[in-house]
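Just below is one structure, and these are the notes that go with it.
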Amino acid sequence: MNKVNIVYYSFTGNTLRMVKAFEKGLQEASVPFKSYSVVELKDDNEAFDCEILALASPANQTEEIEKNYFQPFMKRNAEKFKDKKVYLFGTFGWGTGKFMGTWIKQIEELGAKIVELPMACKGSPNAETKEKLSNMAKKIAAM
């Protein structure tokens with residue numbers, strides 16, 4: 001059974017709703033996990049102390065992950081992503097969600113392995129999206 005840590009940023013609450021659905025799946029699978037708001041994260045090493053790292057961010061208007069906290073987190077921890085198993089999810093309000101493809105590429109260039117296809121949601125996640133994310137958490141936990 002994998003320990004899964006979640007590092008997230010949520011501006012409007014939409015991404016946080018996705019995080020809560022992901023946490024629900026981990027709880028139902030009885031998997032140890034911790035969630036960290038990237039804004040409040042004190043020790044980056046603690047966040048990487050896991051078998052699988054889940055990252056959740058909204059996209060900004062230019063279809064990039066959040067730039068004030070999440071992009072600096074990625075940059076200062078670039079070497080810690082080497083050989084790390086990662087799952088990505090997030091929300092967007094503008095555009096088409098193409099930020100997720102760019103984010104996958106960034107993660108892979110750092111040497112991490114994407115464990116499953118990411119989930120991106122336009123706006124607030126509905127019940128179906130939350131259920132899919134909860135099920136994905138269970139699947140990832142069993143890897």
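The values are calculated or read from the model by the stated rules, or taken from the named source; none is laboratory data. Owing to the predicted nature of the structure, the values given are computational and were not obtained by experimental measurement. All Cβ positions, glycine included, derive from the backbone under ideal geometry; neighbour counts span all protein chains shown. Remember, those area values only see protein heavy atoms, side chains included, never the ligands or the DNA or RNA. Shrake-Rupley method; radii C 1.70, N 1.55, O 1.52, S 1.80 Å.
Table: residues versus (1) of a type outside the set (G, A, S); (2) loosely packed, with under 13 Cβ neighbours inside 10 Å; (3) in a strand (DSSP E or B).
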site: Q71; (1), (2), (3): yes, no, no
site: M74; (1), (2), (3): yes, no, no
site: E79; (1), (2), (3): yes, yes, no
site: D83; (1), (2), (3): yes, yes, no
site: L88; (1), (2), (3): yes, no, yes
site: T91; (1), (2), (3): yes, no, yes
site: W94; (1), (2), (3): yes, yes, no
site: M100; (1), (2), (3): yes, no, no
site: K105; (1), (2), (3): yes, yes, no
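Would you mind finding the one in K34, K24 that is free of Cβ contacts under 8 Å to residues at least 60 places away in the same chain and surrounded by fewer than 22 Cβ atoms within 10 Å (Cβ to Cβ)?
Going through K34, K24 in turn, the sole match is K34.
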Flagged in the stretch 120-139 as modelled with pLDDT under 95 and open to solvent by less than 30 Å² (accessible area, probe 1.4 Å), in numbering order, are C121, G123
(message) I'd like to know if the stretch 52-64 contains one or more residues that are surrounded by 20 or more Cβ atoms within 10 Å (Cβ to Cβ), in contact with a Pro (Cβ under 6 Å, 6 or more places away or on another chain), closer than 15 Å to K20 by Cα and of a type in the set (S, T, N, Q).
(response) no
